[in-house]
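Step one of this worksheet: look at the structure below.
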Amino acid sequence: MDNAKAPNWLTKIFPPQNNFYELLISQSSKTLEGVEALKVWIDSGAQGRCETVRTFEHEADDIVKDIEKKLTDTFITPFDREDIYDLSRNLDEVINGAKSTCREIEALQINVASDNFLKELAATLVEGARCLLATFEYLERDLPKAAEQAELARRSENRTSKIYRQAVRTLFAGDDLKLIAKTKEIYNSLLSIAQRIDIVGVKLEHVIVKLR
Amino acid sequence: MDPHALLISVILISCVFTYTNGFQDGSSVAATAIATKAIPPYATIFIVALFEFMGAYFGGSAVAQAIRSITSYPDRASILPVLASGLTAAIFWNYFTRAVKIPSSSTHALIGGILGAVITESHGAQYITWGTIDHVIQATGLWKVIFSLFLSPLIGFGAGYLLLLIMIALLIRANRKIEKVINVLQLFVTSALAFGHGANDTQKAMGLIVLALNAVDPSQSTEIPNWVRILSGSAMAFGVISFAPGIVKRIGQGIFKVTSLHALTAQAASAIVVLYGSASGGPISASQVIASSVIGVGAAQRGKGVHWLVARDMLAAWFFTIPGAAIMAFLIHAVFFHWLELLIKG
């Protein structure tokens with residue numbers, strides 16, 4: 001069921017106990033750190049177990065739980081309770097995707113050092129996650145800028161898809177079927193992170209339209 | 001024709017008018033409480049009907065005096081066809097506008113009907129008591145009725161707007177458990193609103209019944225007899241029980257998505273305006289006050305989320321209802337009740 005919402009100007013005079021804007025920003029920031037850690041790990045050759053992404057994913061999980069608990073308890077929220085929940089859940093899927101990719105790379109034991117497409121894909125994901133964080137930061141104070149950043153986050157998915165298609169084309173030019181199958185799995189995994197970023201971007205645009 | 005037969009007709013038509021009023025406005029009173037599921041629908045209808053009746057019985061007679069004061073038509077039997085024409089015009093206007101989907105208001109229709117019938121009967125406005133403007137707040141005669149009718153929705157809007165901001169400021173750190181308290185409070189506020197509405201709206205018809213009684217028997221007191229209160233209160237309560245789900249949907253969810261806090265706030269803002277109107281003798285259109293309070297709450301929450309067409313409908317009702325009902329009263333009087341009057345004189 002819908003709930004009463006506090007207009008932003010009113011919360012400046014009467015600050016709420018739970019600031020959901022700040023909570024979402026901290027979750028988005030943690031997500032960005034996780035995706036950056038994935039990029040750093042891939043860039044460095046993906047040697048050994050990727051602990052940093054796992055750590056950030058656990059920390060992000062704690063924020064998600066905190067948001068859910070506070071949503072259950074709080075009577076007045078800055079915008080629809082369901083929208084805050086959806087944003088947090090969808091954002092969590094982004095860092096979950098980063099962790100899954102790490103696990104797959106570890107399990108498949110492929111040499112990523114020579115694959116520039118993988119590095120390029122990871123870099124695009126970092127851009128997307130950075131735009132998501134910027135959107136959350138602008139959400140409370142500047143909706144037009146928030147809309148711009150959400151649009152940029154969504155565009156990163158288009159760029160990722162483009163790189164993905166080039167990467168697959170190049171991959172299938174080779175003869176090593178085992179390597180093709182393994183690498184394709186990783187490409188797919190990275191593409192799915194971009195798609196999750198796009199889902200958060202769409203949800204953010206939906207919230208921005210409602211707040212305007 | 002025996003004037004008593006016409007007196008009984010006026011009383012019956014008054015009851016029909018009050019019934020239709022209860023049917024329309026009672027659903028508005030119950031709308032937000034039902035829409036937010038704060039109180040079960042049947043319990044809400046029962047509570048509203050009960051408090052509407054209590055409002056009719058215990059709500060004083062200030063509004064009745066105000067309605068009576070719009071005309072100085074002498075206390076004689078010839079006023080009976082005038083009242084019958086005015087009341088019938090108001091009823092027909094309400095049904096006509098509903099059929100052709102034109103926005104309307106029962107109270108405006110009643111005022112228009114009575115004005116039209118008095119002017120038709122006396123061939124001029126000499127029996128219309130304009131009264132004084134007197135800084136608006138202490139206006140008398142027709143001016144008091146006009147100010148009350150036209151200002152009350154604006155005050156309802158402002159009260160709804162401000163009250164929601166105050167409630168949000170007060171509850172900004174509240175736990176969700178407060179929702180249960182809000183639902184219980186809705187029960188009290190809905191009862192208060194129903195009481196105020198019962199007092200205000202039944203008195204409009206009761207004022208006219210007393211005029212009719214005085215016309216037949218000038219020795220009769222100008223106070224409202226208890227049997228008139230019971231009769232009008234019962235007609236109102238039956239109207240409420242008849243219930244209009246369409247109005248509940250329109251007020252409860254049609255203006256914007258109302259939550260329990262919005263509902264409580266809109267009900268409280270409406271109750272303040274309606275109870276003040278009843279105590280000060282200002283006739284008001286409860287359905288318009290409730291709708292405007294909901295719009296005020298919606299505007300405070302998020303102006304772009306409000307279906308402003310409802311406000312447009314209200315404005316249309318302001319400008320069309322009084323002249324429309326007056327013309328209808330003219331036609332009804334000329335075609336039907338004028339001949340009854342000739343029968344009385346004959």
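The values are calculated or read from the model by the stated rules, or taken from the named source; none is laboratory data. This structure is a prediction, so every number in the text was calculated from the model and none was measured. Cβ placement follows ideal geometry from the backbone for every residue including glycine, while neighbour counts extend to all protein chains displayed.
Among the conditions (1) at pLDDT below 90; (2) more than 14 Å from chain A (Cβ to nearest Cβ); (3) in contact with a Phe, Trp or Tyr (Cβ under 6 Å, 6 or more places away or on another chain), B:Ser292 misses just one, which is (1).
Note on the stretch B:279-323: residues that are hydroxyl-bearing (Ser, Thr, Tyr) and assigned to a loop (DSSP other than H, G, I, E, B) total 1.
The numbered conditions (1) within 17 Å of B:Gly277 (Cα to Cα); (2) in a helix (DSSP H, G or I); (3) of a type in the set (Val, Ile, Thr) are all true for B:Ile137 except (2).
Scanning the stretch A:166-184 for residues that are assigned to a helix (DSSP H, G or I), free of Cβ contacts under 8 Å to residues at least 60 places away in the same chain and not charged (D, E, K, R) returns A:Gln166, A:Ala167, A:Val168, A:Thr170, A:Leu171, A:Phe172, A:Leu177, A:Ile180, A:Ala181. Flag set for B:Pro74, criterion: without any contact (Cβ under 8 Å) to a residue 60 or more places away in the chain and not hydroxyl-bearing (Ser, Thr, Tyr).
Only residues that are free of Cβ contacts under 8 Å to residues at least 60 places away in the same chain, assigned to a helix (DSSP H, G or I) and of a type in the set (A, V, I, L, M) were counted across the stretch B:169-205, and they come to 5. Which of the residues belonging to the stretch A:1-53 are of a type in the set (Lys, Arg) and in a helix (DSSP H, G or I)? Residues satisfying the conditions are A:Lys12, A:Lys30, A:Lys39. There is no residue in the stretch B:231-245 that is within 14 Å of chain A (Cβ to nearest Cβ) and not polar (S, T, N, Q).
For (1) in contact with a strand residue (DSSP E or B) (Cβ under 9 Å, 6 or more places away or on another chain); (2) assigned to a helix (DSSP H, G or I); (3) more than 18 Å from A:Leu211 (Cα to Cα), each residue gets a yes or a no:
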| site | (1), (2), (3) |
| --- | --- |
| A:Glu57 | no, yes, yes |
| A:Ile63 | no, yes, yes |
| A:Asp66 | no, yes, yes |
| A:Phe79 | yes, no, no |
| A:Tyr85 | no, yes, no |
| A:Ser88 | no, yes, no |
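Counting residues in the stretch A:75-85 that are out of contact with any Leu (no Cβ under 6 Å at 6 or more places or on another chain), within 30 Å of A:Ile163 (Cβ to Cβ) and surrounded by fewer than 19 Cβ atoms within 10 Å (Cβ to Cβ) gives zero.
Being touching a Phe, Trp or Tyr at 6+ places or on another chain (Cβ under 9 Å) and under 21 Å from A:Tyr138 (Cβ atoms) is a property that holds for A:Ile25. Scoring A:Arg130 on the criteria (1) under 10 Å from the mean Cα position of the chain (by Cα); (2) crowded, with 23+ Cβ neighbours inside 10 Å leaves a single failure, condition (2). The set of residues from the stretch B:65-80 being farther than 18 Å from B:Pro218 by Cβ and either part of a helix (DSSP H, G or I) or acidic (Asp, Glu) (or both) comprises B:Ala66, B:Ile67.
Do the conditions hold for B:Leu208, that is, is it modelled with pLDDT of 90 or more, surrounded by 22 or more Cβ atoms within 10 Å (Cβ to Cβ), more than 14 Å from chain A (Cβ to nearest Cβ) and in a helix (DSSP H, G or I)? The answer is yes for B:Leu208. Checked against (1) modelled with pLDDT under 85; (2) under 16 Å from the mean Cα position of the chain (by Cα); (3) surrounded by fewer than 24 Cβ atoms within 10 Å (Cβ to Cβ), B:Val16 passes all but a single condition, namely (1). The requirement of being surrounded by 24 or more Cβ atoms within 10 Å (Cβ to Cβ) and within 21 Å of the chain's Cα centre (by Cα) is fulfilled somewhere in the stretch B:133-147, by at least one residue. Counting only residues that are more than 12 Å from every other protein chain (Cβ to nearest Cβ) and free of Cβ contacts under 8 Å to residues at least 40 places away in the same chain, the stretch A:1-47 holds 6 of them.
Determine whether the stretch B:103-116 contains at least one residue that is over 19 Å from the mean Cα position of the chain (by Cα) and away from every other protein chain (no Cβ under 14 Å).
No, there is no match, as no residue in the stretch B:103-116 is over 19 Å from the mean Cα position of the chain (by Cα) and away from every other protein chain (no Cβ under 14 Å).
Checked against the criteria, B:Asn175 does not count as touching a Lys or Arg at 6+ places or on another chain (Cβ under 9 Å) and either under 26 Å from B:Val306 (Cα atoms) or within 14 Å of another protein chain (Cβ to nearest Cβ) (or both).
For B:Ile224, the conditions (1) away from chain A (no Cβ under 14 Å); (2) part of a helix (DSSP H, G or I) are fulfilled apart from (2). Quick check: is even one residue across the stretch A:4-16 out of contact with any Lys or Arg (no Cβ under 9 Å at 6 or more places or on another chain), of a type in the set (Gly, Ala, Ser), at pLDDT 85 or above and over 20 Å from A:Ala194 (Cα atoms)? There is no residue in the stretch A:4-16 that is out of contact with any Lys or Arg (no Cβ under 9 Å at 6 or more places or on another chain), of a type in the set (Gly, Ala, Ser), at pLDDT 85 or above and over 20 Å from A:Ala194 (Cα atoms).
The residue of the stretch B:251-286 that is surrounded by the fewest Cβ atoms within 10 Å (Cβ to Cβ), among those that are within 27 Å of A:Lys5 (Cβ to Cβ), at pLDDT below 90 and more than 14 Å from every other protein chain (Cβ to nearest Cβ), is B:Gly254. Of everything listed in (1) touching a Leu at 6+ places or on another chain (Cβ under 9 Å); (2) within 14 Å of chain A (Cβ to nearest Cβ), the single unmet condition for B:Leu162 is (1).
Looking only at the stretch B:28-72, residues that are charged (D, E, K, R) and surrounded by 24 or more Cβ atoms within 10 Å (Cβ to Cβ) come to 1 in all.
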